[in-house]
1. Going through segment 80-93 one residue at a time, which ones are assigned to a loop (DSSP other than H, G, I, E, B), open to solvent by less than 40 Å² (accessible area, probe 1.4 Å) and out of contact with any Lys or Arg (no Cβ under 8 Å at 6 or more places or on another chain)?
2. Hey, any hits in segment 123-130 for a residue that's among the hydrophobic types (A, V, I, L, M, F, W, C), open to solvent by 100 Å² or more (accessible area, probe 1.4 Å) and in a loop (DSSP other than H, G, I, E, B)?
3. Output the number of the condition that Lys123 fails; it satisfies all remaining conditions of (1) in contact with a strand residue (DSSP E or B) (Cβ under 8 Å, 6 or more places away or on another chain); (2) at pLDDT below 95.
4. If you check Ile112 against the conditions, is it more than 24 Å from Arg77 (Cα to Cα) and open to solvent by 40 Å² or more (accessible area, probe 1.4 Å)?
5. Considering only segment 135-171, state which residues are outside any helix (DSSP H, G or I), in contact (Cβ under 8 Å) with a residue 12 or more places away in the chain and either open to solvent by 70 Å² or more (accessible area, probe 1.4 Å) or among the acidic types (Asp, Glu) (or both).
6. Can Glu104 be described as in a strand (DSSP E or B), over 25 Å from Thr34 (Cα atoms) and free of Cβ contacts under 8 Å to residues at least 40 places away in the same chain?
7. Out of segment 150-171, which residues are among the polar types (S, T, N, Q) and within 30 Å of Ile138 (Cα to Cα)?
Amino acid sequence: LISERPLKPGDIIELNELRGMVEMIGMRSTRIRTFDNLRIVVPNSHLLENNIINWSLEDTLLRRELAVGIAYGSPTRLAEKLLLQAAKEEELLEKEPAPFVIFEDFGSDALIFKLFYYIDILKVNRPLFVSSSLRFRIDELYREAGINIAFPQRDVHLDNIGPIKVQVEKE
């Protein structure tokens with residue numbers, strides 16, 4: 001770790017379920033500060049024997065995605081336009097590369113869209129707050145435009161040869 005330098009203090013890493021910033025690399029262990037502000041000491045052997053995602057090895061730009069499903073019959077181009085508007089209004093998103101929207105699928109309950117956007121992980125220390133802020137704004141814009149965010153719906157079909165007998169009984 002010290003000679004090859006795949007990690008350095010300040011790097012944002014992910015190791016299995018552990019995510020955080022490298023604070024210190026020693027001869028036998030490395031100290032990582034998680035995003036919950038916990039300090040975890042990891043044996044260097046563990047870092048060498050496992051796959052590590054180094055989010056900031058080459059650059060600090062991170063692409064994120066946010067999925068939203070809208071009700072069938074909704075105006076799809078307007079839905080796309082409003083997703084891009086929400087992204088443009090969010091100050092913590094990078095302007096380049098520009099956010100973009102994909103109409104991903106005709107889902108069983110919704111028309112599925114994905115908003116892709118970029119953040120600089122050194123400028124945005126809480127990516128979850130950015131996605132939450134985007135969701136609040138998307139909800140507001142969709143409500144104003146009359147676009148319903150879809151929810152699971154199920155139709156029940158009863159097949160029977162004859163009429164179904166319904167009987168009301170007293171207790």
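The values are calculated or read from the model by the stated rules, or taken from the named source; none is laboratory data. Being a predicted model, the structure only gives us computed values, none of them experimental. Cβ coordinates were reconstructed from backbone atoms using ideal geometry, including for glycine residues, and neighbour counts include every protein chain displayed. Heavy atoms of the whole protein, side chains included, go into the accessibility calculation; ligands, DNA and RNA do not. Shrake-Rupley method; radii C 1.70, N 1.55, O 1.52, S 1.80 Å.
1. Taking segment 80-93 first, the residues assigned to a loop (DSSP other than H, G, I, E, B) are 90-93.
Going one step further and asking which of them are open to solvent by less than 40 Å² (accessible area, probe 1.4 Å), we end up with 90, 93.
Listed by number, the list holds a single entry, Leu93.
2. First, the residues of segment 123-130 that are among the hydrophobic types (A, V, I, L, M, F, W, C): 124, 128-130.
Next, only the ones that are open to solvent by 100 Å² or more (accessible area, probe 1.4 Å) stay: 128-129.
The next check asks that each one be in a loop (DSSP other than H, G, I, E, B); those that pass are none.
No.
3. Condition not satisfied by Lys123: (1).
4. Details: more than 24 Å from Arg77 (Cα to Cα): no; open to solvent by 40 Å² or more (accessible area, probe 1.4 Å): yes.
It is false that Ile112 is more than 24 Å from Arg77 (Cα to Cα) and open to solvent by 40 Å² or more (accessible area, probe 1.4 Å).
5. If the condition is that a residue be outside any helix (DSSP H, G or I), in contact (Cβ under 8 Å) with a residue 12 or more places away in the chain and either open to solvent by 70 Å² or more (accessible area, probe 1.4 Å) or among the acidic types (Asp, Glu) (or both), then Asn148, Ile149, Phe151, Pro152, Gln153 are the ones that fit.
6. Numbers: in a strand (DSSP E or B): yes; over 25 Å from Thr34 (Cα atoms): yes; free of Cβ contacts under 8 Å to residues at least 40 places away in the same chain: yes.
Criteria met by Glu104.
7. The first filter runs over segment 150-171 and keeps only residues among the polar types (S, T, N, Q), leaving 153, 160, 167.
If the condition is that a residue be among the polar types (S, T, N, Q) and within 30 Å of Ile138 (Cα to Cα), then Gln153 is the only one that fits.
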